[in-house]
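Okay, structure first, notes after.
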């Protein structure tokens with residue numbers, strides 16, 4: 001713990017020196033981070049394959065390119081993000097400069113997770129660096145190979161005075177959280193999030209939580225069922241379902257369910273062949289512990305397995321699995337976070353919406369339909385961190401959109417400018433001169449009704465309109 005305190009103090013001294021404030025320094029560090037990804041792509045891919053047997057295709061899309069694109073976006077837009085934002089004035093402040101100034105928070109802590117070891121650690125770090133902070137990052141020990149690689153690479157490319165990596169398990173994380181930070185960014189489970197909040201409350205540290213939950217997928221009205229199946233299978237079984245925004249379960253009518261099953265079988269065969277375990281394009285479960293949790297969920301389910309269900313403990317393999325379930329099934333109790341897709345039948349769209357609204361707000365919500373009215377109804381009558389029609393998980397790849405949850409699925413957001421804002425303090429600034437002292441005199445004693453009347457008028461919206 002003493003070593004961690006020393007790391008935090010070293011970074012705090014660097015921050016107080018002002019080294020991270022200039023735009024040039026921030027851009028340089030972001031550029032070096034981009035070089036780190038580019039120059040070590042093969043090592044990164046090997047680490048991801050060792051930890052999760054991630055296919056190269058999926059690893060490049062979700063870890064390499066997504067992070068690289070975020071870095072490009074931040075570098076290209078940083079200058080405009082850093083500019084003061086001038087606000088509307090009234091007559092009383094006509095001669096003043098009134099603006100919002102974005103300032104770094106200080107030393108921030110970013111705790112990553114194992115399912116996307118690079119993306120979910122580096123993306124928030126991009127926002128923190130862009131905002132001018134010093135950063136401590138804590139990779140997940142579950143993805144051990146990626147953890148070691150990140151700990152090796154970061155000091156080689158970024159300023160060691162301003163950025164540090166702390167590795168270890170639960171005890172190390174607990175010790176790290178005893179230090180005072182200016183912001184904590186956590187990605188992971190709701191259980192651990194509560195511990196993070198308790199630790200942060202000691203120092204009144206603000207926290208961003210990127211959690212998860214059961215992301216519902218509606219299929220309703222007229223649809224092109226083959227296209228639905230292909231997009232649904234890709235979104236659900238990408239990374240073996242170990243994605244916080246993966247469709248967790250499907251809500252549809254009985255007729256749609258029957259048609260969907262045939263399309264799902266054909267799609268799974270097209271994607272992964274007759275024996276998915278031999279497919280090079282299917283990820284593995286990250287650890288034996290996580291594999292056991294998923295297989296136990298499947299065993300406890302009273303649903304009917306209609307596709308898949310095969311498992312291999314030694315290989316940490318679970319086949320892409322589809323299960324017909326009832327509302328009270330074990331698979332509907334918690335986030336699955338694996339390659340198991342429950343399908344629940346409902347009588348109407350209203351019933352489906354009511355079902356979702358009686359649960360915690362999800363991180364993402366999906367609707368497949370050819371009917372605009374259906375899509376708009378779901379959008380207007382539900383709440384979720386993100387929303388996507390006729391596809392899955394793809395919305396999180398656009399840096400212009402905020403990524404984050406609502407309620408139990410998370411607090412705050414990031415990606416693109418939203419990450420910059422998360423790690424910035426918006427300081428209200430009014431730069432006053434000595435003009436209009438007579439007008440300012442309206443607020444000085446001795447008070448009177450005439451002064452009050454004039455003062456109220458100078459600060460009213462009506463006076464503001466006269467300036468435009």
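At a 10 angstrom cut-off on C-beta neighbours, averaged per residue, how do the peptides 4-11, 126-133, 358-365 rank from highest to lowest?
Values: 4-11: 16.9, 126-133: 28.6, 358-365: 20.1.
Result, highest mean Cβ count within 10 Å first: 126-133, 358-365, 4-11.
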Compute the distance from the alpha-carbon center of region 298-319 to that of region 22-58, in whole Å.
34 Å
Can you give me the relative contact order of region 159-266 as a percent, contacts being Cα pairs under 8 Å and 6 or more apart?
23 percent
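Under 8 Å for C-alpha pairs, at least 6 residues apart: give me the relative contact order for region 102-142, rounded to a whole percent. Don't skip to the end; give the middle numbers.
Numbers: 60 pairs, mean separation 22.5, N = 41.
Normalised by residue count, the contact order of region 102-142 is 55 percent.
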Hey, can you rank 99-110, 242-253, 379-390 by average C-beta count inside 10 Å, highest first?
242-253, 99-110, 379-390
Tell me, what is the FRET efficiency for residue 191 and residue 96 to the nearest 0.05, using R0 = 56 angstrom and their Cβ-Cβ distance as r?
0.70
With just the Cα atoms defining each centre, how far is region 62-76 from region 105-174? Give it in Å.
16 Å
Please determine, in degrees from 0 to 90 and to the nearest 10, the orientation of helix 254-272 with respect to the longest principal axis defined by the Cα atoms of the chain, where the helix direction is its Cα long axis.
90 degrees
Starting from the 7 Å offset along Cα-to-Cβ, what nm value, one decimal, do you get for the label separation of residue 373 and residue 3?
6.5 nm
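Ignoring everything except DSSP H segments at least 4 long, calculate the 222 nm mean residue ellipticity for the chain; use -39,500 (n - 2.57) per segment, divide by total residues, nearest 500. Show your work: numbers first, answer last.
On the way: 18 runs with 201 residues, N = 468.
After summing the helix terms and dividing by the residues of the chain, the value is -13000 deg cm²/dmol.
Calculated FRET efficiency, residue 88 and residue 432, Cβ-Cβ r, R0 22 Å, to nearest 0.05?
Numbers: r = 17 Å, r/R0 = 0.76.
Efficiency computed from Cβ-Cβ geometry: 0.85.
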Net lengthening on full extension, residue 449/residue 19 (0.36 nm per residue, minus Cα-Cα):
149.6 nm
For region 199-294, Rg(Cα) over 2.2 N^0.38 Å is 1.41
Distribution of pairwise C-alpha distances over region 105-256, 5 Å bins, in %:
2, 8, 16, 18, 16, 11, 8, 7, 5, 4, 2, 0, 0
Relative to the longest principal Cα axis of the chain, at what angle does helix 66-81 sit, 0 to 90 degrees, rounded to 10?
10 degrees
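Which percentage, to the nearest 5, of the DSSP beta bridges contained in the chain is antiparallel? Present the calculation step by step, with values, prior to reporting the outcome.
Working: 19 of 52 bridges.
Around 35 percent of the beta bridges assigned by DSSP in the chain are antiparallel ones.
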Cα centroids of region 397-464 and region 203-266: how far apart, whole angstrom?
41 Å
Report, to the nearest 10°, how far helix 288-300 tilts away from the longest principal axis of the Cα atoms in the chain, using its own Cα long axis and a range of 0 to 90°.
60 degrees
How large, in Å, is region 216-399 by the Kirkwood hydrodynamic radius built from its alpha-carbon pairs?
16.5 Å
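With an 8 Å cut-off on Cα pairs and a minimum separation of 6 or more residues, tell me the relative contact order of the chain in percent. It would help to have the intermediate numbers written out before the result.
Numbers: 893 pairs, mean separation 91.6, N = 468.
It rounds to 20 percent for the chain.
By counting other Cβ atoms within 10 Å of each Cβ, how are 114, 418, 457 ranked from fewest to most?
On the way: 114 22, 418 17, 457 14.
Result, fewest neighbours first: 457, 418, 114.
Peptides 262-268, 425-431: what's the order by average Cβ count within 10 Å, highest mean first? Walk me through the numbers before you get to the answer.
Working: 262-268: 18.3, 425-431: 11.7.
Highest-to-lowest ranking by the protection proxy: 262-268, 425-431.
Every number in this text was worked out from the coordinates using simple rules, so none of it is lab data. As the structure is a computational prediction, the values presented were derived from the model and not from experiment. Every residue, glycine as well, gets a Cβ built from its backbone with ideal geometry; the counts of neighbours run over all protein chains shown.
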